[in-house]
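Below you'll find the structure, written out as structure tokens, and then a few comments.
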Amino acid sequence: MRVLVTGGAGLIGLAARRILAAQGHEVTAVDITDFGRNDSRLILMPLSDYAGLERIITERGIEAIVHGGGISGPVMARDNPLLVIDVNITATAHLLDMARRHQLRRFILLSSHVVYGDVGPGTITEEFPLHPGTSYAASKIAGEALVESYSREFGFSAASLRLTRVYGPYRRDNCFLRSMILDAAAGKTTVIPCDPGYLFHYIHVDDVAEAIAASLSAPTLARRSYNITSGQVLTMPEVIGIARGALPEARVEMVLGVDDAPDIQIDFDLARAAADLGWRPRFALQRGFSAYLAAMPETPDIAL
């Protein structure tokens with residue numbers, strides 16, 4: 001399948017490009033920057049260049065879109081909610097309309113667990129009500145609504161993947177796991193503000209990329225949204241213990257504080273992704289952190 005990946009220079013985009021290419025897909029990737037990585041296979045283009053995106057779809061015979069570009073988390077552009085709304089919602093609408101007009105086979109939106117908001121106790125299924133706590137979460141809900149409406153109204157196959165906290169090589173910011181690795185290499189102490197009882201849902205980027213690949217190759221998408229996470233629920237003391245098992249030189253200090261995405265979410269149901277996509281996570285944090293550590297330092301040259 002000929003696939004367009006937006007956000008192709010990001011953490012998930014890089015992994016998705018690698019895994020999709022390994023499975024025989026022909027991947028075209030776009031992003032606004034390559035972050036100085038000498039990525040010769042990346043097309044530098046803002047999401048707002050709708051004519052340019054349409055030209056790529058036409059000239060390269062694109063059959064599917066994986067849309068991961070845009071404002072990528074609730075911390076980014078927090079003080080500029082109108083930018084978050086403009087980038088995340090408007091670009092999604094334009095890409096969906098291109099998919100409609102060019103009769104693409106599939107459209108996958110990379111969404112987020114933050115769409116559920118502060119759920120509290122219980123296992124979260126995809127049928128849970130959505131209660132955004134940030135403009136970022138609201139933009140993802142709006143994107144998901146557009147995906148579902150276009151799919152229903154115009155009859156093409158589309159779905160949203162609700163990802164929890166993704167970690168792995170080329171993560172740029174806001175990741176305690178990355179901080180522990182970099183600080184240990186520099187001989188520094190990692191200070192983590194948190195509630196020791198707060199629950200974290202980490203997922204390795206390769207698990208996410210494999211979920212993307214599964215969502216493209218599934219004969220049909222029976223649903224419009226899928227929870228994608230590791231299934232492992234950990235407190236920060238447990239996360240630190242696992243990290244120290246692979247990185248004993250890490251020095252970590254926990255201080256009382258509130259996480260940047262403080263919604264209480266206890267557990268996620270993954271049955272829908274298993275049944276419809278044939279996808280299950282492979283990386284518990286013990287394995288994923290070791291793989292992350294082995295991939296460091298990250299090379300500035302990308303070979304995909």
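Flag not set for Ile302, criterion: under 20 Å from Asp183 (Cβ atoms), surrounded by 15 or more Cβ atoms within 10 Å (Cβ to Cβ) and in contact with a strand residue (DSSP E or B) (Cβ under 8 Å, 6 or more places away or on another chain). Checking each residue in the range 1-26 for being closer than 19 Å to Leu95 by Cα and either at pLDDT below 95 or buried (at least 23 other Cβ atoms within 10 Å of the Cβ) (or both) picks out Val3, Leu4, Val5, Thr6, Gly8, Ala9, Gly10, Ile12, Gly13, Ala16, Arg17. Restricting attention to the range 29-60, the residues that are surrounded by 15 or more Cβ atoms within 10 Å (Cβ to Cβ), part of a helix (DSSP H, G or I) and either of a type in the set (Ser, Thr, Tyr) or touching a helix residue (DSSP H, G or I) at 6+ places or on another chain (Cβ under 6 Å) (or both) add up to 3. Taken over the range 101-146, the criterion of being more than 24 Å from Val205 (Cβ to Cβ), among the small types (Gly, Ala, Ser) and assigned to a strand (DSSP E or B) is satisfied by Gly120, Gly122.
When Val119, Val114 are checked against the criterion of being more than 20 Å from the chain's Cα centre (by Cα) and either without any contact (Cβ under 8 Å) to a residue 40 or more places away in the chain or under 17 Å from Ile264 (Cα atoms) (or both), a single residue qualifies: Val119. The set of residues from the range 1-25 being in contact with a Leu (Cβ under 9 Å, 6 or more places away or on another chain) and part of a strand (DSSP E or B) comprises Val3, Leu4, Val5, Thr6. Residues in the range 17-41 that are of a type in the set (A, V, I, L, M, F, W, C) and more than 12 Å from Gly69 (Cβ to Cβ): Ile19, Leu20, Ala21, Ala22, Val27, Phe35.
Only residues that are of a type in the set (Lys, Arg) and surrounded by fewer than 20 Cβ atoms within 10 Å (Cβ to Cβ) were counted in the range 138-164, giving 1. When the range 61-101 is limited to residues that are buried (at least 22 other Cβ atoms within 10 Å of the Cβ) and either in contact with a Cys (Cβ under 9 Å, 6 or more places away or on another chain) or of a type in the set (Ser, Thr, Tyr) (or both), the one that is farthest from Arg2 (Cα to Cα) turns out to be Ser72.
Any idea which residue in the range 246-270 is nearest to Gly187 (Cα to Cα), counting only those that are without any contact (Cβ under 8 Å) to a residue 60 or more places away in the chain and surrounded by 13 or more Cβ atoms within 10 Å (Cβ to Cβ)?
Ala246
Using beta carbons and a limit of 6 Å, which pairs, at least six apart or on different chains, have the first residue in the range 80-92 and under 23 Å from Tyr150 (Cα atoms) and the second one assigned to a helix (DSSP H, G or I) and of a type in the set (S, T, N, Q)? Close Cβ pairs satisfying both conditions: Val84/Ser135; Val84/Ser139; Ile85/Ser139; Asn88/Ser139; Ile89/Ser139.
The values are calculated or read from the model by the stated rules, or taken from the named source; none is laboratory data. Not measured: the values here are computed from a predicted model. Glycine also receives a Cβ, built like all others from the backbone with ideal geometry; neighbour counts cover every protein chain displayed.
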